[in-house]
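Beneath this line is the structure, given in structure tokens, with notes to follow.
The values are calculated or read from the model by the stated rules, or taken from the named source; none is laboratory data. Keep in mind it's a predicted model, so treat the numbers as computed, not measured. Note that we place each Cβ from the backbone using ideal geometry, even for glycine, and neighbour counts take in every protein chain shown.
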Amino acid sequence: MLGFPLGILSAAGAGGVAGTYELIETYILGSNQSEVSFSSLATYASTYKHLQIRMVALGTTSVDNQIIRLNGDTGNNYNSHFLFGDGSSVGSGVYTPKDKIYIGNSSITANQFTAVVVDILDAFSSTKNTTVRALYGNVGTPNVVQLLSGAWFNTASLTSISVARLSNNYTTGSRFSLYGIRG
């Protein structure tokens, strides 16, 4: 992965109160790339119950979907749902079965950064499927807000998360931060 990992600058370990968000690591891209991966997550299984990714990203094209994959799984083991509104219309839909979870569009307006917050619930449970929810927003033409959810039909504890654009690259300066949430 190209970028600047800032995890060692985090406040992890400061506090340790249930429900608090603790920064694990941050990547700020130093060059264009199609995917950002957080790996070695098993290290955090005894410390955190849930994970959260906060992204402020720009793509190399004006419209593209953003996705996540868990533990490198590229099989049709995921479902996604979405609700969206753009000020003049609303919609909803489902993607099932798929080889990824959708977490929003990217840069609906050219040269416009978009924000996404992704919650990965019960990330280290080995007795239930992993559930994901995402909130995506874009200011431009049109202004868009999306609420997305997904499920990974596998009970494995998470070891890695990959965030990607479906067809193109994220640009230099895009920022991806991983947080742990204590149970």
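Out of all the residues in segment 1-33, which are at pLDDT 50 or above, surrounded by 12 or more Cβ atoms within 10 Å (Cβ to Cβ) and among the hydrophobic types (A, V, I, L, M, F, W, C)?
Within segment 1-33, Leu23, Ile24, Ile28, Leu29 meet the criteria.
Of the residues Ser46, Ser125, Ser37, which single one is within 18 Å of the chain's Cα centre (by Cα), small (Gly, Ala, Ser) and under 19 Å from Ser160 (Cβ atoms)?
Selected residue: Ser37, the only one of Ser46, Ser125, Ser37 that is within 18 Å of the chain's Cα centre (by Cα), small (Gly, Ala, Ser) and under 19 Å from Ser160 (Cβ atoms).
Identify all residues within segment 135-159 that are assigned to a loop (DSSP other than H, G, I, E, B) and either out of contact with any Leu (no Cβ under 6 Å at 6 or more places or on another chain) or farther than 19 Å from Phe38 by Cβ (or both); write none if there are none. Quick ask: steps written out before the conclusion?
First, pick out the residues of segment 135-159 that are assigned to a loop (DSSP other than H, G, I, E, B): 139-143, 153-159.
Selection gives Val139, Gly140, Thr141, Pro142, Asn143, Phe153, Asn154, Thr155, Ala156, Ser157.
If a residue has to be modelled with pLDDT under 95 and not in a strand (DSSP E or B) to count, how many in segment 61-114 make the cut?
Number satisfying all stated conditions: 14.
Are any residues in segment 72-104 touching a residue at least 60 places away in the same chain (Cβ under 8 Å) and of a type in the set (A, V, I, L, M, F, W, C), and if so, which ones?
Residues satisfying the conditions are Phe82, Leu83, Phe84, Ile103.
May I ask you to list the residues in segment 160-181 that are within 15 Å of Leu41 (Cβ to Cβ) and in a loop (DSSP other than H, G, I, E, B)?
Ser160
So Gly87 passes all but one of these: (1) touching a Ser or Thr at 6+ places or on another chain (Cβ under 9 Å); (2) over 22 Å from Glu35 (Cβ atoms). Which condition number does it fail?
Just one mismatch for Gly87, condition (1).
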